[in-house]
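K.L.:
Quick one: the structure is below, questions incoming.
The values are calculated or read from the model by the stated rules, or taken from the named source; none is laboratory data. Predicted, not measured: the structure shown is a model, and the values here were computed from it. Neighbour counts are summed over all protein chains in view; Cβ atoms, including those assigned to glycine, are modelled from backbone coordinates with ideal geometry. Side chains included, ligands, DNA and RNA excluded: accessible areas come from the protein's heavy atoms. Shrake-Rupley method; radii C 1.70, N 1.55, O 1.52, S 1.80 Å.
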Amino acid sequence: MKEVTSSYDAHAVEEWAQDFWSVRDTYAEVQQLRSAGRPFFFVDGPPYTTGHIHLGTAWNKILKDAILRYHRMCGRSVIERAGYDMHGLPIEVKVEHELGFTSKKDIEEYGIAAFIERCRTFAETHKDIMSEQFKRLGIWLDFENPYQTITEDYIEAAWWTLKRAEERGLLERGHRVVNWCPRCETAIADSEVEYWDEKDPSIFVKFPVAGRENEYLVIWTTTPWTLPANVAVAVDADFTYARVLAKKDFAEELLWIADDLVEPVLKLGRYQDYEVLERVPGSDLVGVEYTSPLAAQVPQQREIRHRVVAADFVTMENTGLVHIAPGHGWDDYLLGIKEGLEVFCPVDGGGCFLPSAGAFADMYVRDANDVVIDALGDNLIARKTIVHRYGHCWRCKTPIIFRATEQWFLKATGIRDRMLEEIRDVAWHPEWAGSARFHDFVADSRDWCISRQRYWGIPIPIWQCEACSTYTVVGTIAELADLSGTTIPDPHRPYVDGVTLPCSCGGVMRRVEDIFDVWFDSAVASWATLGFPRQREAFEKYWPADFITEGQDQTRGWFYSQLGASMIAFDRSPYRSVLMHGFALDAEGRKMSKSFGNVVTPDEVMNQYGVDVLRLYILSASAPWDDLKFNWDGVKTVHRAVNILWNVYRFPLPYMILDAFQPATDADGRWDASLLRERRRDLPEADRWIISRVNSLAGQVEEEMEEYQLHRVTRALTNFVLEDLSRWYVQLVRSRMWLEEDAPEKRFAYETIYYVMRRLVGLFAPFVPHITEQIYQNLRMEGDPESVHMLDRIEPDPLLIDTHLEAAMDVIRSFDDAVANARQAGKRKLRWPVEECVVVTESDLVRDAVGDLKPLARARANSRTVTVVEGAWDRLSWQAEPVMRAIGPEFGKEGPKVKALIEQAGGSALKAAIEADGKAALGGYELTARHVTFTESLPEGVYAAPMKDATVYVDVTLTPDLEAEGYAREVIRRIQEMRRQLNLNVDDFIAADVQVEDSRVADLIRSAWATGISQEVRAKDLVIRSPGENGDQGRKWALAKDWDVEGVSMRMGISQAGGQ
RNA sequence: GGGCCCGUAGCAUAGCUGGUGGUGCACCCGGCUGAUAACCGGGAGGUCGUGCGUUCGAAUCGCAUCGGGCCCA
């Protein structure tokens, strides 16, 4: 063991620890050490390789790391690799920015090969940056060999999975309405749509009813540009619709509006008057035909037979009639299928109208809104603007549109029920994350559109014949080589695009141009990370994952995509248990965002307080599944706690070293606690207590970790350090450290502290890996495991747990607080002894605890005696006070007499009588509890304070004996202070001179305490004198000071004694 | 609009199988001075988001409402 002189320096400790691990490759050693253990297969949810990590990313990895370290200590062989999600539109968008591109045309001109190389470089560069950041957080995952979604074997896992989908009939080519980003010119997944408020037109439009003069259906829309694609109007069959004669400026027309909405709609249309001519149910309107108000501008509209249809999604809002364009809306599309409506979608991939949109051709749809509105002419009833939530492309923030296109789908709806079954068998933490949240999401899920019309992604391995349209799904790269007779350098676009296959019909099969939705990449992670399908052994051994943990946003993301892909491939859930964690928010509970300027980065926290503090803060600040409100004050508090851990660790070291303390070891040189276990009955109570506490703590940690209650675990650990170790045990044990001779109680203290620290670092290691490693290395015995992270889990030792003692000590601590309280009231410092402390209680626990631990109680109270009194303490008396509010009305004129009687009566006797009988006779009057109150009357010099189930009375009256000790303690303290100022070692001797201005005090000290003081301050030579007395006045002291001690002036001088 | 979670002193939180609201930080006062650019004690501070209900009794259960978060439409 080495002495630790410096105070806690997080950066030095952490740099040292990381260096220590990297030199010895401790991470690999630990993995090796546990390799024979029961496997624990963990899959890292791959972060996307863009930009830098934020607090949420850090939280995610810290949770994973703490949990995995714990499992390793439990003897599990943890199977893991860090993972990275490296394909996709976000990177394409970044690269497009770098190159100044604005459209797909730019990319095609630049060359797909060159473009994806830049994407690859971008992804790899950022992967490396992020790995470094994670390592700095002390994360132990395999960063040397991470799984990457861009490698050949990974891509193969995706291909293989798609082939499984095809084999099981779950792959489908479909014409569907999808979310479409007009800038990226691709379909995007529901999960890639971000919603925020957008200002849009809100218009009410008349559609002329066919064959009727001057009669119209009134619809409402916020997307005028979809009107050229209108084919129908939907009503609710059960709503009541009104045929209204509406009047404006002497003109009249007939309008169909939902009955309840007539008034507001006509008001908006500035109609002056109206009359309801007829009311009919929606079902009566079904089949009514109408013409488009844009028939003049859009030739195709003249061909369409528009009609009214019934739908269940119509609400009693706006006009109660809904404009239907199956080419531009999900509900519209489904309704179109059901009703056999035409799907008309005159918009291209860039969001511009096609020639089939007639007069609007070539216009960008959102720009066309005004033009369309103008074209409506008289058919426009009203126009407003509305602010509503509208979807945007998550990468480029462009407002999305809905477009009917040909895409590839996985038929998630076909396996939905099986998914719901599987969810029930997964252990969710917290439970509601699965049973409520995820369940509801899956129950509402739709088919999964997996195709994207982009470049940087896993190419969809479908080859389709140009001649006969048959298609085949290729499952592996070897299979592709087999079928095509060619090999490719890289399974990305554009290399794979050039490969053709012969079709049985004699035609040529070419790959469909699409790539996978990037969510499909990570969906196959649980088998791809095991090298499946190329290698099957690990997969068969470990899959499915024992555990995953991600943020609550991954409910719709990775929890879902993995489940879907796995159900398709293997018909079972890819994970056995899931911990869903929260989001990192700012102190106000708001999302951290760059534009809001409230972002706190993990770097900021680490730079100021270090990694371990960040880790401990994040883990203890809130339950894993609650959102984390980041708070600097909280970080500071945790920093203080870690600092105390450090101080508690370093405080006994100088003494241990001075005494050449050697913990017991076994034949292999390993630390051996059996001696301490055998002698447990000989240990002082304080030692037995803290040993019991640390074992109880181990039990608590074990229990709470079962449910991933990491906040409770870390709080319990921190609390132990602060409350039990620092605030109590260290205070109790200090004086034993100072013992000169080789006393057994000092040995016990060393053994105990050593034991507690060894257990404590083991318990703390998964959460604060750096500081625990440093402490452990200093405490470690020759034969002990090389790293704290190689220790086995610290299990509670039932032999050493004494719950009675723990309860009794709680009582003493409460007593200790109460004494301090009473002393403060009596203005008697703790340094000054008192004659008597009395604990008045009715509680057996308090009585027994104070009785059993009396020496400790006495020492803590610095009291000559501590006594327990059950019932009434005879030195207490009660003062009776008349309650005139009750006496006055009842006794009338006699009142003043009663008052005087009460005031003169013995309060204690009166109280006893009333308590016994409920009444008391006094001078012929009968008194009850309502006539008199009692206040405790304390003897002179006695002060009281409450403790748990008892009251403590402290008599602070001074006697010459007490006073002598008090002054002596004051002198000792000041000489010690001067020793420190001289920077003396604890074992140096001194010579000292104390001149006391008050000769009575000087005599008091000298007669009883001269020797005591000499011993305490290690003085070979001590002179205490009154002002007149002679001493070494002429002597030059190394340090001389004047002090005011409780009003008595003293002059003290000390020097180091020569020799020894 | 829907689902899930959260809302307790200036800040962060515990309590939530209903029975007199705990803790930490900050603040004020004090102690200790061989862990000392540390450590410890005490005090003050609360309509438990709001409203209604169930109950002898609600922070805790129910309903509604407001605010925050994630997700969905």
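K.L.:
Sort the following peptides by mean Cβ neighbour count (other Cβ atoms within 10 Å, averaged over residues), highest first: A:611-618, A:130-137, A:425-432. Display every interim value, and only then the final one.
P.N.:
Working: A:611-618: 27.6, A:130-137: 18.5, A:425-432: 16.0.
In descending order of packing, they fall as A:611-618, A:130-137, A:425-432.
K.L.:
Now for a different question. If the cut-off is 16 Å between C-alpha atoms, which lysines fall inside it for residue A:911, apart from same-chain ones fewer than 8 positions away?
P.N.:
A:899, A:919
K.L.:
Given H placed on each backbone N at 1.01 Å, which residues far from residue A:836 in sequence or on other chains put an amide H within less than 5 Å of it?
P.N.:
Amide H neighbours of residue A:836: A:864, A:865, A:955.
K.L.:
Can you run phi through the Karplus equation (6.51, -1.76, 1.60; θ = phi - 60°) for the stretch A:465-473 and list ³J(HN,Hα) in whole Hz, with x for Gly and Pro?
P.N.:
6, 5, 7, 10, 6, 4, 10, 9, 9
K.L.:
Give me the orientation-averaged projected area of the Cα convex hull of chain A, in nm², one decimal. Could you put the intermediate results ahead of the total?
P.N.:
Values: hull surface 264.7 nm².
Projected over every direction and averaged, the Cα hull of chain A covers 66.2 nm².
K.L.:
Sticking with this one: In the stretch A:239-335, which trypsin sites (Lys or Arg not before Pro) are in a loop and have at most 15 other Cβ atoms within 10 Å, using DSSP for the loop call? Intermediate results must be reported in sequence, preceding the final value.
P.N.:
Working: sites: A:243, A:247, A:248, A:267, A:270, A:279, A:302, A:305, A:307; in loops: A:270, A:305.
Passing sites in the stretch A:239-335 are A:270, A:305.
K.L.:
Whole-Hz Karplus ³J(HN,Hα) for the stretch A:435-443, in order, using 6.51 cos²θ - 1.76 cosθ + 1.60 and θ = phi - 60°, x for Gly and Pro?
P.N.:
5, 10, 5, 5, 4, 5, 5, 5, 4
K.L.:
Under 1.5 on a/c is rounded, so check that first for the stretch A:714-793, then, if it is not, pick prolate when a/b is larger than b/c and oblate when it is not; a ≥ b ≥ c are the square roots of the alpha carbon gyration tensor eigenvalues. Mind dumping the intermediate values first?
P.N.:
Working: a/c = 2.94, a/b = 1.40, b/c = 2.10.
Cα axes put the stretch A:714-793 in the oblate bin.
K.L.:
Sticking with this structure for a sec: Per residue, what accessible area does chain A have, given a 1.4 Å probe and all protein chains present, in Å²? Don't skip to the answer; put the middle values down first.
P.N.:
Details: 44900 Å² over 1060 residues.
On a per-residue basis, chain A sits at 42 Å².
K.L.:
Now, a different point. Summing Lys, Arg as +1 and Asp, Glu as -1, what charge do residues with Cβ under 15 Å from the Cβ of residue A:280 carry, residue A:280 excluded? Please report the intermediate quantities before stating the final value.
P.N.:
Values: positive: A:212, A:243, A:279; negative: A:215, A:236, A:238, A:259, A:260, A:278, A:284.
My count for the surroundings of residue A:280 gives -4.
K.L.:
Note down the relative contact order for chain A as a percent, whole number, built from C-alpha pairs under 8 angstrom at least six residues apart.
P.N.:
Values: 1929 pairs, mean separation 113.5, N = 1060.
Reported as a whole number, the value is 11 percent.
K.L.:
Size of the dipole of the stretch A:960-1056 about the Cα centre, Lys and Arg at +1 and Asp and Glu at -1 on the beta carbon, nothing else charged, in debye to 20?
P.N.:
Here the stretch A:960-1056 has a charge dipole of around 400 debye.
K.L.:
Return the lysines within reach of residue A:2: Cα separation strictly under 30 angstrom, same-chain partners fewer than 8 residues apart disregarded; answer none if there are no such residues.
P.N.:
Straight-distance partners of residue A:2: A:135, A:636, A:746, A:1020.
K.L.:
Which of the three applies to the stretch A:960-1056, rounded, prolate or oblate, going by the alpha-carbon gyration tensor with a ≥ b ≥ c and a/c under 1.5 meaning rounded?
P.N.:
Values: a/c = 1.64, a/b = 1.32, b/c = 1.24.
Prolate, because a/c is 1.5 or more and a/b exceeds b/c.
K.L.:
Determine the percent antiparallel among the DSSP beta bridges restricted to chain A, to the nearest 5. Write down the numbers at each step before the final one.
P.N.:
Details: 109 of 147 bridges.
Expressed as a percentage, antiparallel bridges in chain A total about 75.
K.L.:
Applying a 10 Å radius around every beta-carbon, put A:495-504, A:645-654 in order of their mean neighbour count, most first. Intermediate values should be presented prior to the final figure.
P.N.:
Numbers: A:495-504: 16.7, A:645-654: 19.6.
By packing density, highest mean first, the sequence is A:645-654, A:495-504.
K.L.:
Tell me, how many Å apart are the Cα centres for the stretch A:20-67 and for the stretch A:223-242?
P.N.:
55 Å
K.L.:
If a/c stays under 1.5 just call it rounded; otherwise compare a/b with b/c (prolate if a/b is bigger, oblate if not). Do that for the stretch A:683-818, with a ≥ b ≥ c from the square roots of the Cα gyration tensor eigenvalues. Before the final figure, lay out the partial values.
P.N.:
Working: a/c = 1.88, a/b = 1.19, b/c = 1.58.
Judged from the Cα gyration tensor, the stretch A:683-818 comes out oblate (a/c at least 1.5, b/c at or above a/b).
K.L.:
List every residue whose amide H lies under 5 Å from the amide H of residue A:391, counting only residues 5 or more places away in sequence or on a different chain, with H placed 1.01 Å from N in the peptide plane.
P.N.:
Hits under the 5 Å cutoff: A:400.
K.L.:
Restricting to Cα pairs below 8 Å that are 6+ residues apart, what does the relative contact order work out to for the stretch A:461-513? Please round to a whole percent.
P.N.:
On the way: 77 pairs, mean separation 23.0, N = 53.
Result for the stretch A:461-513 is 43 percent.
K.L.:
Continuing with this model, one more query. Non-local amide H neighbours of residue A:427 (under 5 Å, H modeled in plane, Pro and chain starts lacking H): which ones?
P.N.:
Close amide H contacts, sequence-distant or interchain: A:577, A:578.
K.L.:
Continuing with this model, one more query. Give the residue list of GluC sites (Glu not before Pro) in the stretch A:1-101 that are DSSP loop and have at most 16 other beta-carbon atoms within 10 angstrom.
P.N.:
Details: sites: A:3, A:14, A:15, A:29, A:80, A:92, A:96, A:98; in loops: A:3, A:80.
Passing sites in the stretch A:1-101 are A:3.
K.L.:
Roughly how large, in nm² to one decimal, is the mean projection of the convex hull of the alpha-carbon atoms in the stretch A:231-308?
P.N.:
Numbers: hull surface 23.2 nm².
Quarter of the Cα hull surface area: 5.8 nm².
K.L.:
Highest mean first, what order results for A:272-278, A:152-158 on Cβ atoms within 10 Å?
P.N.:
On the way: A:272-278: 12.4, A:152-158: 22.9.
My ranking of the peptides, most packed first, is A:152-158, A:272-278.
K.L.:
Using the Karplus curve 6.51 cos²θ - 1.76 cosθ + 1.60 with θ = phi - 60°, work out ³J(HN,Hα) for each residue of the stretch A:282-294 in order, rounded to whole Hz, and write x for Gly and Pro.
P.N.:
x, 4, 5, 7, 4, x, 4, 9, 9, 10, 7, x, 10
K.L.:
Mind jotting down the distance between the C-alpha centroids of the stretch A:321-343 and the stretch A:400-472, whole Å?
P.N.:
22 Å
K.L.:
Quote the charge dipole size of the stretch A:487-565 about the Cα centre in Debye, to the nearest 20; the model charges only the Cβ of Lys and Arg (+1) and of Asp and Glu (-1). Kindly include the intermediate steps, with their values, before the conclusion.
P.N.:
Details: 7 positive and 11 negative charges, 58 e Å.
Roughly 280 debye for the stretch A:487-565.
K.L.:
Now a separate question. Report the Cα centroid-to-centroid distance between the stretch A:805-831 and the stretch A:932-960 in angstrom, as an integer.
P.N.:
13 Å
K.L.:
Starting from the Cα of residue A:897, draw a straight line to each of the aspartates and glutamates and keep only those under 14 Å, dropping any in the same chain fewer than 8 residues away.
P.N.:
A:881, A:926
K.L.:
Would you work out what percent of the accessible area of the stretch A:960-1056, with all protein chains in place, is carbon or sulfur (probe 1.4 Å)?
P.N.:
42 percent
K.L.:
Moving on. Name the trypsin sites (Lys or Arg not before Pro) in the stretch A:838-896 that are in a loop by DSSP and that have at most 15 other C-beta atoms within 10 Å, would you? Working shown, then result.
P.N.:
Values: sites: A:847, A:858, A:860, A:864, A:875, A:885, A:893; in loops: A:875.
Listed in order of number, the matching sites are A:875.
K.L.:
So for the stretch A:877-937, what percent of the C-alpha to C-alpha distances run longer than 17 Å?
P.N.:
Details: 491 of 1830 pairs.
For the stretch A:877-937, the fraction of Cα-Cα distances above 17 Å is 27 percent.
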